[in-house]
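Here the structure comes first, spelled out in structure tokens, and everything after it is commentary.
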Amino acid sequence: MDYQHLSTLLWREQELLDLLLFKAEEKQYLIVTGKTRWLARIAHEIEVVLDQLRTLEVERAAATETIAGRLGLGANPSLKQVAEAAPAPWNDLFGKHHEALLVLITDLRSLSDANRELIEGGLAAIGDALVQTRAAAGTYGASGRHDDGSHRAVTLDGAL
């Protein structure tokens, strides 16, 4: 029964990681299209999935420890170690769970890195635009005539 319970937990973990991957792709779409209005919502949805994963991880660790004790494994074994020590057909099934989880985690890391780069690039572009705006702000005064920019730049610096 413990093998079945662990397998069920692993299936659930795969589902949550797949959902997290989907949410990360949604976030990337929002970043790329400039629809920043929804970024706070997607960040919240990602946090909800991460909370579910953290809760599941505690349950999975407990189930793994129970099985590890029966198999004569040390404390806190990896899923790969459990798969190698488990009897058939569980060894094969746990091995497949391990492979699937590795693929999902690799995909998530890649997408997370890409999203981070997009956000950092966007922030850099905003910073460059602000610098250019500040430089251009001193070109003309309120009357539309050329100004030295000293009064205008102070006003903009205070507002930004």
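How much net charge surrounds Ile31 when only the other residues with a Cβ under 11 Å from the Cβ of Ile31 are counted, with Lys and Arg +1 and Asp and Glu -1?
Value of the local net charge: -1.
When the distances between all Cα atoms of region 1-45 are binned every 5 Å from zero, what whole-number percent does each bin get?
Over region 1-45, the share of Cα pairs per 5 Å bin runs 6, 21, 19, 15, 11, 9, 9, 6, 4, 1 percent.
Per-residue HN-Hα couplings for region 30-35, Karplus 6.51 cos²θ - 1.76 cosθ + 1.60 at θ = phi - 60°, whole Hz, x for Gly and Pro?
My calculation for region 30-35 gives 5, 5, 5, 7, x, 8 Hz in order.
Report the local net charge at Leu21: Lys and Arg +1, Asp and Glu -1, summed over other residues whose C-beta lies under 13 Å from its C-beta.
Spelling it out: positives minus negatives among the neighbours equals -4.
What net charge do the residues around Leu9 carry, taking every other residue with its C-beta under 12 Å from that of Leu9, with Lys and Arg at +1 and Asp and Glu at -1?
Values: positive: Arg12, Arg60; negative: Asp2, Glu13, Glu15, Glu57, Glu59.
Neighbour charge sum, excluding Leu9 itself: -3.
Read the figures in this text as sums done on the coordinates, not as results from a lab. Nothing here was measured: the structure is a model prediction, and the numbers come from that model. For neighbour counting, all protein chains shown are included, and Cβ atoms are generated from backbone atoms with ideal geometry for every residue, glycine included.
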